[in-house]
Amino acid sequence: PSNTTPVVVMRFEGENQQALDRIQQEFKQAILALKPDAQFPF
């Protein structure tokens, strides 16, 4: 987390674009389950 703004930075890696997309969607679903109004840049 940033100590100057209310932002959490997430970085993802995957073996290929398909894997990266899957990983991002899994994180997105998990976070949205806890905070339905969360906004994502991906």
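Every number in this text was worked out from the coordinates using simple rules, so none of it is lab data. Treat the numbers as computed from the prediction; the structure is a model and nothing was measured.
How long is the chain along each principal axis, judged by its Cα atoms, biggest number first, in Å?
33, 22, 13
I need the phi-derived Karplus couplings for region 14-31: 6.51 cos²θ - 1.76 cosθ + 1.60, θ = phi - 60°, integer Hz, Gly and Pro marked x.
x, 5, 7, 4, 4, 5, 4, 4, 5, 4, 4, 5, 5, 5, 4, 5, 5, 5
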